[in-house]
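Taken together, the values in this text are just the output of simple stated rules run on the coordinates, not laboratory data. Values in this document were obtained by computation on a predicted structure and should not be read as measured data. For neighbour counting, all protein chains shown are included, and Cβ atoms are generated from backbone atoms with ideal geometry for every residue, glycine included.
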C-alpha cells in the first residue's frame, strides 16, 4: 500500500525582549502578511536544527549574533494556515545576544521597532500575537487556525 504521508512545515521565532519591550519587524515584499509586524523568524531548511535555523535567521534579519545555548524554548504552536498548509511554530526567548539589532534586510522589512509588551501594534501577524500572548501567559502549547 503506497500512502503519501502528511507533511508539516516548521518555523522558528525569536522573542527579543529588553526592558519589557519586544523587537518586531514590519514585513514588506514577502508575499505573505506584508504591512504587518512580525518577529525575526524563518523556516527550517533541510538538515538544519530548529535552533540552528533561528540562529541563522536572526543574524540574517536583524544582524545580531546568538548561540543556541542562549535560546530558551517558551512555546510551540500547531498552526493551520490558509491553503491547507500546516506549521509547527517554535518560539524561543533570546536570553543573551551580541550586537545591536538593525534592519539587515530592508528589502523584506520596512523597519524594525521596539514595542511595549502590553501595547503591541494592531497590524501584527495574528499567529505572532498569539505566540507572544502565550509566552506572557506561560502557555507552552497551542493550536492556531
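Some notes on this structure:
- Within a Gaussian network of the chain (alpha carbon springs, distance under 10 Å), most fluctuating of 67, 122, 21: 122
- Angle in degrees between helix 126-136 and the longest Cα principal axis of the chain, rounded to the nearest 10: 70 degrees
- Computed [θ] at 222 nm, deg cm²/dmol, the chain (DSSP H ≥ 4; -39,500 (n - 2.57); rounded to nearest 500): -5000 deg cm²/dmol
- Extended-chain gain in nm, criterion 0.36 nm per residue less alpha-carbon gap, residue 93 and residue 9: 28.2 nm
- Across the chain, the fraction of Cα-Cα pairs farther apart than 19 Å, rounded to a whole number, is 51%.
- Nearest 10 degrees, 0 to 90: helix 50-62 Cα axis against the chain principal axis: 40 degrees
- GNM result for the chain, Cα springs below 10 Å: residue of 70, 20, 111 fluctuating most strongly: 20
- Between 82, 95, 33, the Gaussian network model of the chain with springs among Cα atoms under 10 angstrom shows the greatest mean-square fluctuation at 82.
- Contact order, relative form, for the chain: 31 percent (alpha carbon pairs under 8 Å, 6 or more residues apart, mean separation divided by residue count).
- Ranked list, fewest to most other Cβ atoms within 10 Å of each Cβ, for 97, 114, 32: 32, 114, 97
- Fewest-first ranking of 51, 30, 7, using other Cβ atoms within 10 Å as the exposure measure: 7, 30, 51
- Label-zone membership for region 70-91, site residue 43, 7 angstrom Cα→C-beta point, backbone N under 17 Å: 79-90
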